[in-house]
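S.K.: Right, I'll just put the structure down here and ask away after.
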Amino acid sequence: MGSDRLTNRVLRAGLAFSFLFPAINAFFDPYSWIGYFPAFMRGFVPDLVLLHSFGVIEIVIALWILSGWKIFWPSLAALLVLLTIVFFDFGDFQVIFRDVSIASIALALVIRNRS
């Protein structure tokens, strides 16, 4: 396997992990995660419905990234999700600062796989 292909797989695996872990962990410890949703998003549906619905979206993005199929689109979606999280949770930047680094992985995949 060439280094380019291996690098692409490593980037995809790292990005996918950052979306799979919170979605799966939220099933076991939901109250550690629900607080990251901005107040304006809460109250329309029960908090656990909101959390797990977002978790399904995260899992879909992660699996699509892992599949390698038309990687531009799920990478762009991941980038937008991460930037949105940073924007709306900026008050918790000491916790979410890593999302900026993870967003750079998504951006690298977007750039690398644009058509």
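The values are calculated or read from the model by the stated rules, or taken from the named source; none is laboratory data. On a predicted model such as this, the values are computed, not experimentally measured, just so you know. Accessible surface is based on the protein model in full, side chains and every heavy atom, while ligands, DNA and RNA are left aside. Shrake-Rupley method; radii C 1.70, N 1.55, O 1.52, S 1.80 Å.
S.K.: Tell me the per residue accessible area of the chain using a 1.4 Å probe; a whole number in Å² is fine.
M.R.: That works out to 63 Å² for each residue.
S.K.: Given the Cα atoms of the chain, and with Rh set as the inverse mean 1/r over their pairs in the Kirkwood sense, what is Rg to Rh to two decimals?
M.R.: 1.00
S.K.: Quick check: the angle from helix 47-67's long axis to the longest principal axis of the chain, C-alpha only, nearest 10 degrees?
M.R.: On a 0 to 90 degree scale, this one is about 0.
S.K.: May I ask you to give the percent of accessible area on the chain that is carbon plus sulfur, with a probe radius of 1.4 Å?
M.R.: Looking at the chain in its full context, I get 70 percent from C and S.
S.K.: Of Val81, Val45, Val100, which has the largest mean-square fluctuation in a 10 Å C-alpha GNM of the chain?
M.R.: Highest fluctuation of the listed residues: Val45.
S.K.: Helix 93-112 against the longest principal axis of the chain: what's the angle in degrees, Cα atoms only, rounded to the nearest 10?
M.R.: That helix lies at roughly 30 degrees to the long axis.
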